[in-house]
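What follows is a single structure, written as structure tokens, with notes after it.
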Amino acid sequence: ARRSGFAGRAERMFGLMDGFLKNDPWSLQKDVMHHVEYTVARSRFSFDDFEAYLALSHTIRDRLIERWHDTQVYFKRKDPKRLYFLSLEFLMGRSLSNSTVNLGIKDQCADALNQLGFEFEQLVEQEGDAALGNGGLARLSACQMDSLATLDFPAWGYGLRYQFGLFRQVILDGFQHEQPDYWLNFGNPWEIERIHVSYAVKFYGAVEEELLNGVKRKVWIPGETVEAVAYDNPIPGYGTRNTINLRLWAAKPSGEGDMESYNTGDYINAVVNRQRAETISSVLYPDDRSYQGKELRLKQQYFFVTASTQDIIRRYKDSHSNFDDFSNKVALQLNDTHPSLAIIEVMRILIDEENIEWNRAWSIVCDSFSFTTHTVSPEGLEKIPADLLGSLLPRHLEIIYEINFLFMEELKKKLGLNYSQLSQMSIVEEGAVKNIRMANLSIVGCHAVNGVSRVHLELLKKRVFKDFCELWPQKFQYKTNGATQRRWMVVSNPNLCGLISKWLGTEAWIRDVDLLIGLKEFASNTDLQHEWRMVKRVNKMRLAEYIEAISGVKVSVDAMFDVQIKRIHEYKRQLLNLFGIIHRYDCIKNMEKSGKTKVVPRVCIIGGKAAPGYEIAKKIIKLCHAVAETINNDPDVGDLLKLVFIPDYNVSVAELVIPGSDLSQHLSTAGHEASGTGSMKFLMNGCLLLATSDGSTIEIIEEIGNDNMFVFGAKVDEVPALREMKSSLKVPLQFARVVRMVRDGYFGHKDYFESLCKTVENGGDFYLLGNDFMSYLEAQAAADKTFVDQEKWTRMSILSSAGSSRFSSDRTIQEYAEKTWNIEPCKCPF
Ligand code: T68
């Protein structure tokens, strides 16, 4: 009777469902108006752009939820091996435009809104960025989620729902100030709160031994418990119904335990203390690439790791009665070492809670985990003071010591008693402060370690992980990074995409990016060239308007738009760019009138955030403003040269800037950029690259050829010798002159810039700006010369787009799926 009752109910439910939501403009309008009235609770006769944005977002969200459900039900039924992508950072940016593109309903939405008297593009601008990450690593995670969904892989992303994302950069008098990012203040229609999906997260306390059925067991008696609550963010694939999940965790006070403090009578303080649990997921750490050893950061990492692994294991156990199949059903990917405690947490759950014997547990762990490193420098590797780890997670520290002991024993058998090598490879670093090396732990506990470009792997082999690479050569691989053409072409440059589809005769390249190479045969076609330039011009006009709105500087779209946008770092050498600009300015100032007619006008655009504690990076930002102030107000220069700093650089700013730029700069000292992904986005959009031979640019050069970009500077294998010699090398006069201008106060703030100048003077110059300067100026001169020849320039631009397919994250994800995760597509058939 119960069964038939249930079946009857299901039938009734089905009958109540009016089929899938419809996507014609009329149905979309009806849904938007429904959400205006009943979700946003505004009158349908009076609502503004922001309210319309909210209502439209809820309309899209409903469609996402529908697909999300179908996808999850299908995954559950098929039970394929799943990928779990663990990352402490995701830079998702805006969702509205991206979702409508991936659902294939952008035009319908635009029509629907238009008939209601709203501009779709205007509503898109209402949305703030989800900036839950710092830079390349975090945007890579976002691009990879898009590819995972589009390629129908059964994947889940896990991350933290920071209350405050990356700080907002405000520029006052040319100085960077940081302000909190209140991104959740006006609600977030793109997430689904799952109050009932929550896990207890334990900290502190002690480990005790317990006798259970005659067997000794370790039991961790925690001192503090908080709750991790899930927020789901649907990630739609393009051209598929598959919609995967990005589950972000937020910390809440725990409902259980510790009633004692209430009984002491201090009710108010007890409530306030519990509320402090929320601080764990409150703020993203701004990266300065050197590990800080802060307790809150460690708490965040463990909070994230335990919630995610508990969720994953619960899902596995839903359909499996033992752990025999775990590594055949679960692939766990660690995005850098930040979530590497997951290795220990899974180990702890298997041995302490599931009573699995150590060796078996360890092989389950090693078979399931893989890890990608994004770092080139040994200083970038995370180390956690053992004391800190032991106080916060006493049982985990014991397990780490045990893993290390067994690893050391294995090494001794293999390598003999080479103590210096053993101590290099040990997970535990002995010294004044005992540290746990998270990279060593990750290498030991994972079956695959990936670099993010070919040269990155070579550097890992030669330097950072030399001993490990010799021990386990097959473990070390690379997968060159990629960016998604959905966001970076279709969403951000619709006019270019329309043009490409027209000439290729298909839109299929949006899923099958290899088709882009078809553009190559039209690269010299004058009709395409003409249309290509028109698209660029419109994009430049849009960018010029933005520049004027934020800085008051009027720029000419006839000038070459020359862009460097990325986090501010010494190794990325924004300073080299500034020195080049000062040199150009100096040349123009000293030119005869007749010479000026030959100058190619430039608009130099720089944008990026400096980590709050990174003094030199902040001085670079100030120098940029000081130089801009001088140049932009100099009547001798006029439109020949302008310099603008774009404040608060983020994903949505990049979406505006990249399509509107002619030239982009990627200047890292060779051997310092693990990969670099900005260059790929410019390449796709037909912006020419001016770059060093570093990271993934080496592979871009191979793909499109040296003659389609402007390459300069020392090569990766020349850098170490140059560093040795640099104090005896003569600095070029032109370089010395621009440094002196800054040092002597030509741009004001003489004292303030002194320490900045020092970084490149007197044999300092660790990043070899002096060494690369002349070669940089030559590359810049070549760019000028080419720009005058618009036919040649446009041809190079078309060939850049045509040659960009290898740098799609679709290719990256396909490689990971085949070679590291061993997963297969699982396409929802509806
Ligand atoms: C970047 N790393 C690499 N790190 O610098 C870049 N670090 O070459 C590469 O293309 C990109 O990763 C993707 O692989 C980062 O972005 C961080 O943001 C970071 C954050 C916290 C701590 C350390």
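List of remarks:
- Legend: P(r) of the range 418-575 from all alpha carbon pair distances, 10 Å bins from 0, whole percents, reading 8, 21, 22, 20, 15, 11, 2.
- Global geometry of the range 536-807, whether rounded, prolate or oblate, following the gyration tensor of its Cα atoms and the 1.5 cut on a/c: rounded
- Extension gain from residue 751 to residue 507, taking 0.36 nm per residue of separation minus the Cα-Cα distance: 82.2 nm
- Between the beta carbons of residue 591 and residue 537, assuming R0 = 41 Å, the FRET efficiency works out to 0.90 to the nearest 0.05.
- For the chain, the 222 nm mean residue ellipticity estimated from helices alone, with every DSSP H stretch of n ≥ 4 adding -39500 (n - 2.57) and the total spread over all residues, rounds to -14000 deg cm²/dmol.
- Residue (of 768, 635, 686) at the positive-pole extreme of the range 536-807, dipole from beta-carbon charges: 635
- Euclidean distance of C-alpha centroids, the range 365-390 and the range 495-559, integer Å: 42 Å
- Think of the chain as a dipole: +1 on every Lys or Arg Cβ, -1 on every Asp or Glu Cβ, centred on the Cα centre; then among 238, 675, 721, 721 lies furthest on the positive end.
- Take every DSSP beta bridge whose two residues both sit in the range 536-807; close to 0 percent of them are antiparallel.
- When you restrict to C-alpha pairs under 8 Å that are six or more residues apart and normalise by the size of the range 586-668, the relative contact order lands at 36 percent.
- Its Cα centre serving as origin, the range 656-730 has a Cβ charge dipole (Lys and Arg +1, Asp and Glu -1) of approximately 320 debye.
- Long-range amide H partners of residue 284 with built H, under 5 Å: 164
- Normalised per residue, the volume of the convex hull around the Cα set of the range 625-710 (Å³): 127 Å³
- Percent antiparallel among DSSP beta bridges (both partners in the chain, rounded to 5): 45 percent
- Look at the alpha carbon pairs under 8 Å that are at least 6 residues apart: their mean separation over the length of the range 536-807 gives a relative contact order of 21 percent.
- Cα point-scatterer Debye curve for the range 26-75, base-10 log of I(q)/I(0) at q = 0.20, 0.24, 0.32 Å⁻¹: -0.63, -0.79, -1.14
- More than 20 Å apart - percent of Cα-Cα pairs taken over the range 315-408: 43 percent
- Unit charges on C-beta of K, R, D, E only; dipole of the chain, Debye: 780 debye
- With bins 10 Å wide beginning at 0, the percent of Cα pairs of the chain falling in each bin runs 2, 12, 21, 25, 20, 13, 5, 1, 0, 0.
- Lysines whose Cα lies under 21 Å from that of residue 30, excluding same-chain neighbours fewer than 8 positions away: 22, 106
- Spatial separation of Cα centroids for the range 45-86 and the range 212-238, in angstrom: 26 Å
- One chain, two ends: residue 107 and residue 50. Fully extended at 0.36 nm per residue, the span grows by 18.5 nm beyond their Cα-Cα distance.
- The residue list 659, 196, 304 was ranked by how far each Cα lies along the charge dipole of the chain toward its positive end, using unit charges on Cβ atoms, and 659 comes out on top.
- Using only alpha carbons, the range 158-302 has a radius of gyration to Kirkwood radius ratio (Rg to Rh) of 1.07.
- For the residue pairs 536/681; 572/622; 294/819; 479/715, alpha carbon separations beyond 25 Å are given by 294/819.
- Only Lys, Arg (+1) and Asp, Glu (-1) charged, at Cβ; the range 363-474 dipole about Cα centre in debye: 320 debye
- Extension gain, residue 278 to residue 723: 0.36 nm times the residue separation minus the Cα-Cα distance gives 155.5 nm.
- Whole-number percent relative contact order across the chain, with pairs defined as alpha carbons under 8 Å at least 6 apart: 14 percent
A short reminder: the numbers here are calculations on the coordinates, not readings from a lab. Because the structure is a prediction, the values reported are computed rather than measured. Glycine gets a Cβ as well: all are built from the backbone with ideal geometry, and neighbour counts include every protein chain shown.
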